[in-house]
Amino acid sequence: MTRIISHWIDGAPHEGTPTHRIDVEDPATGKVQGELLAASQADVDHAVAVARRAQNGWAKTSLAKRTAIMFKMRELVLQHSDELAKAIVSEHGKDYNDAIGEIQRGRETLDFACGIGAALKGDYSFDVSSGVDIHSIRQPVGVVAGVCPFNFPVMVPMWMHPVAIATGNAFILKPATPTPTASLLVAKLYKEAGLPDGVFNVVAGDVEVVTALIEHPGVDAISFVGSTPVARIVQEKGIANGKRVQALGGANNHAIVMPDCDLEFAAQHISAAAFGAAGERCMALPVVVAVGGVGPKLAELVKEHAVNITVGNGLDEGVQMGPVISSAAKQRIVGLIDDAEQRGATVVMDGRELKVDGHEDGFWVGPTVLDDVPLEAPAYNQEIFGPVLTIVHAETYAEAINIVNASEFGNGAAIFTNDGGIARAFQLEVEAGMVGINVPIPTPVAFYSFGGWKSSLMGDTHIHGPEGVKFYTRLKAITSRWPSESGAHEATMSFKREE
Ligand code: NAD
């Protein structure tokens, strides 16, 4: 019998009145392991009503109490990491260590939220006019909906909810349909941590649920992370419905490899970044721009590392890379490799035919290295989101940076070089939000926020950390005067400030 996966509303599991059921697969076996109940409009209405009611009380809860709950939640996430990681692996397919890694990085936002008192401090200026003072406070926006992608079932929601909740909002999480279970475990942990019922809710389903949340008058802000076409839809609809929106989109991260760099060091890091989590990371590294003829040598060195990657069921000991998310994803990735080959790319390493013993029906694509890929090839210029490294060639740094900056996306970019001058020029010239210097995946650190440029982020703020505090709060400036104080001035009709 398959498992039923439902919602979490008002501090308890909630089955509601589903519109339909969605199969949840195990990508390593290709088997259906659960049925997700897709929420109806009535379920969304219920979740929003519950969240609104809970938010009223939660916003008035002392910072001391909110902080204590965040500390408790942090401890619970540490204690339950194994359970969370197994839920991630069984639905996403990534290897267990990688799942533990994403929980750790998600937990770093909880660490940040434990210091919310400092992050929410306002400003105060006295005597801006005679006897007149001004101070600023940040207040919660209200009810926040978080719409998340499949590839980080714990970390990406944790970029959102700890900061949204710690700043006094209620939160409704819409997890991705292939990977919903970890969100329900997180909901249980919040309850155990003492968070009042209704402050954190999970409503599962598909496009209709997202649309219902975006159009709901009771939702004040939307945090979205996913692919660029959907990010655009969410941002446009969200703004049209009067919401505050941040929408992080897709990526096609490039690394420039300069001829002066330590090529062996670069190859090792590029291999890990291209093939980790089967390339299904927004900060994966699918493109290398090889400068001054280093492409073929680099391709061979990457291959030397990649052949040693153990691909298999992410729960098995020693596995370093799992399957891709679905049969459709596998077909799409293989199709892009076929097309690049037909356009003249050299297939240095080929993962198209990979089989894993005992898991014949899993969605496998092995590490693949394509050298000398034409810039017109969709394998290069689209987001491939699979374990494929495409290498394109440039003669000079100037040509390479132009290639990087011509990309539609600007999530992350990296350079491998030993030349400080080139590295400095790169960090200033590159059009990307997250930049690595001899670091292939400049991954998020909670107290610095995270986000891309161009088609990788729509909206004004990066996510989590200090930018998250801005997004989930509204600024208020309060000007005050006390007539009882000696020296208080008479009212005047003039706009001129009393000095
Ligand atoms: P996706 O865009 O298909 O789905 C994301 C969410 O949107 C899901 O919850 C889904 O149910 C919902 N959705 C799908 N179609 C919709 C529509 N038409 N209207 C409203 N909602 C809709 O993304 P995915 O395949 O789950 O995740 C992979 C993508 O996420 C990749 O493009 C990856 O780069 C991106 N991503 C980006 C970041 C980042 O920080 N920029 C981080 C992680 C993942």
- Note on the structure: Taking the range 238-268 and the residues there that are open to solvent by 60 Å² or more (accessible area, probe 1.4 Å) and touching a residue at least 12 places away in the same chain (Cβ under 8 Å), the one that is nearest to Gly146 (Cα to Cα) would be Arg244
- Across the range 426-477, which residue is surrounded by the fewest Cβ atoms within 10 Å (Cβ to Cβ) among those that are of a type in the set (Asp, Glu) and within 21 Å of Val288 (Cβ to Cβ)? Glu429
- Task: Please go through the range 134-156 and pick out each residue that is in contact with an Asp or Glu (Cβ under 7 Å, 6 or more places away or on another chain), more than 16 Å from the ligand (Cβ to nearest atom) and either open to solvent by less than 10 Å² (accessible area, probe 1.4 Å) or not hydroxyl-bearing (Ser, Thr, Tyr) (or both).
- Result: His135, Val141, Gly142, Val143
- Query: What single numbered condition from (1) open to solvent by 40 Å² or more (accessible area, probe 1.4 Å); (2) within 16 Å of the ligand (Cβ to nearest atom) fails to hold for Ala413?
  - Reply: (1)
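Picking from Gly16, Gly101, Gly93, Gly11, which residue would you name as being open to solvent by less than 50 Å² (accessible area, probe 1.4 Å) and closer than 23 Å to Glu360 by Cα?
Numbers: Gly16 fails: closer than 23 Å to Glu360 by Cα; Gly101 fails: closer than 23 Å to Glu360 by Cα; Gly11 fails: closer than 23 Å to Glu360 by Cα.
Only one candidate qualifies: Gly93.
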- Give me the pairs, please: first residue somewhere in the range 36-48 and more than 10 Å from Thr17 (Cβ to Cβ) and without any contact (Cβ under 8 Å) to a residue 60 or more places away in the chain, second residue anywhere and open to solvent by 60 Å² or more (accessible area, probe 1.4 Å) and in a helix (DSSP H, G or I), beta-carbon distance under 8 Å, and either six or more positions apart or on two chains. none
- Message: If a residue must be open to solvent by 70 Å² or more (accessible area, probe 1.4 Å), closer than 12 Å to Pro378 by Cα and either in contact with a Ser or Thr (Cβ under 9 Å, 6 or more places away or on another chain) or at pLDDT below 95 (or both), how many such residues does the range 333-357 contain?
- Response: 0
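I need the full set of residues from the range 227-246 which are more than 9 Å from the ligand (Cβ to nearest atom) and either outside any helix (DSSP H, G or I) or closer than 26 Å to Val288 by Cβ (or both), in order please. Show your work before the answer.
Restricting attention to the range 227-246, the residues satisfying the condition of being more than 9 Å from the ligand (Cβ to nearest atom) are 232, 235-236, 238-246.
Asn241, Gly242, Lys243, Arg244, Val245, Gln246 - these are the residues of the range 227-246 that are more than 9 Å from the ligand (Cβ to nearest atom) and either outside any helix (DSSP H, G or I) or closer than 26 Å to Val288 by Cβ (or both).
Residue by residue, here is whether (1) closer than 19 Å to Gly366 by Cβ; (2) modelled with pLDDT under 95; (3) in contact with a Phe, Trp or Tyr (Cβ under 9 Å, 6 or more places away or on another chain) holds:
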residue	(1), (2), (3)
Val230	no, no, yes
Glu236	no, no, no
Ala255	no, no, yes
Leu263	no, no, yes
Gln268	yes, no, no
Pro296	no, no, no
Glu300	yes, no, no
- Task: Any chance you could count how many residues in the range 340-361 are out of contact with any strand residue (DSSP E or B) (no Cβ under 6 Å at 6 or more places or on another chain) and part of a helix (DSSP H, G or I)?
- Result: 1
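Residue-wise test of (1) among the aliphatic types (A, V, I, L, M); (2) under 26 Å from Phe171 (Cα atoms).
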| position | (1), (2) |
| --- | --- |
| Glu431 | no, no |
| Val435 | yes, no |
| Asn438 | no, no |
| Pro442 | no, no |
| Val445 | yes, yes |
| Tyr448 | no, yes |
| Leu457 | yes, yes |
| Ile463 | yes, yes |
| Pro466 | no, yes |
- Take the residues in the range 19-59 that are small (Gly, Ala, Ser) and open to solvent by 40 Å² or more (accessible area, probe 1.4 Å), then tell me which one is farthest from Val89 (Cα to Cα). Gly57
- Determine if the range 275-284 includes at least one residue that is crowded, with 18+ Cβ neighbours inside 10 Å and more than 21 Å from the chain's Cα centre (by Cα). no
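Can you tell me which residue in the range 180-197 is farthest from the ligand (Cβ to nearest atom), limited to those that are of a type in the set (Gly, Ala, Ser) and assigned to a helix (DSSP H, G or I)? Walk me through it before giving the result.
Start the filter on the range 180-197 by keeping residues that are of a type in the set (Gly, Ala, Ser), which leaves 182-183, 187, 193-194.
This time we only want the ones that are assigned to a helix (DSSP H, G or I), so: 182-183, 187, 193.
Numbers: Ala182: 13, Ser183: 11, Ala187: 16, Ala193: 25 Å.
Restricting to residues being of a type in the set (Gly, Ala, Ser) and assigned to a helix (DSSP H, G or I), the top hit is Ala193.
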- Query: With (1) modelled with pLDDT under 95; (2) open to solvent by 60 Å² or more (accessible area, probe 1.4 Å) as the list, and Leu78 as the residue in question, which single condition is left unmet?
  - Reply: (1)
- Out of all the residues in the range 288-331, which are buried (at least 17 other Cβ atoms within 10 Å of the Cβ), within 16 Å of the ligand (Cβ to nearest atom) and in a loop (DSSP other than H, G, I, E, B)? Gly322, Pro323, Val324, Ile325
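Those residues that are polar (S, T, N, Q) and in contact (Cβ under 8 Å) with a residue 40 or more places away in the chain, I need them from the range 198-237; list them, please. Reasoning before the result, please.
The first filter runs over the range 198-237 and keeps only residues polar (S, T, N, Q), leaving 201, 211, 223, 227-228, 235.
Scanning the range 198-237 gives Asn201, Ser223, Ser227, Thr228, Gln235.
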- Query: Which fully enclosed helices (runs of 4 or more DSSP H) of the range 369-450 have 1 or more residues being closer than 22 Å to Asn151 by Cβ?
  - Reply: 378-381
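Within the range 438-448, work out how many residues are out of contact with any Lys or Arg (no Cβ under 9 Å at 6 or more places or on another chain) and farther than 10 Å from Met283 by Cβ.
If we filter the range 438-448 for residues that are out of contact with any Lys or Arg (no Cβ under 9 Å at 6 or more places or on another chain), which is where we start, we get 438-440, 442, 447-448.
Okay, now just the ones that are also farther than 10 Å from Met283 by Cβ, so 438-439, 447-448.
Within the range 438-448, residues that are out of contact with any Lys or Arg (no Cβ under 9 Å at 6 or more places or on another chain) and farther than 10 Å from Met283 by Cβ number 4.
Quick check on the range 159-179: of everything there that is of a type in the set (A, V, I, L, M) and within 12 Å of the ligand (Cβ to nearest atom), which residue is surrounded by the fewest Cβ atoms within 10 Å (Cβ to Cβ)? Spell out how you get there, then give the answer.
Taking the range 159-179 as the starting set, the residues that turn out to be of a type in the set (A, V, I, L, M) are 160, 163-166, 170, 172-173, 176.
Imposing the further condition that a residue be within 12 Å of the ligand (Cβ to nearest atom) reduces the set to 160, 173, 176.
On the way: Met160: 27, Leu173: 27, Ala176: 23.
Only one residue tops the list, namely Ala176.
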- Task: Return the residue satisfying two criteria in turn: it lies in the range 198-226 and is in a loop (DSSP other than H, G, I, E, B) and within 10 Å of Ala39 (Cβ to Cβ), and of such residues it is nearest to the ligand (Cβ to nearest atom).
- Result: Asp206
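The values are calculated or read from the model by the stated rules, or taken from the named source; none is laboratory data. What you are looking at is a predicted structure, and each value in this text was computed from that prediction instead of being measured. Glycine gets a Cβ as well: all are built from the backbone with ideal geometry, and neighbour counts include every protein chain shown. Heads up: the accessible areas ignore ligands, DNA and RNA and are worked out on the full protein's heavy atoms, side chains in. Shrake-Rupley method; radii C 1.70, N 1.55, O 1.52, S 1.80 Å.
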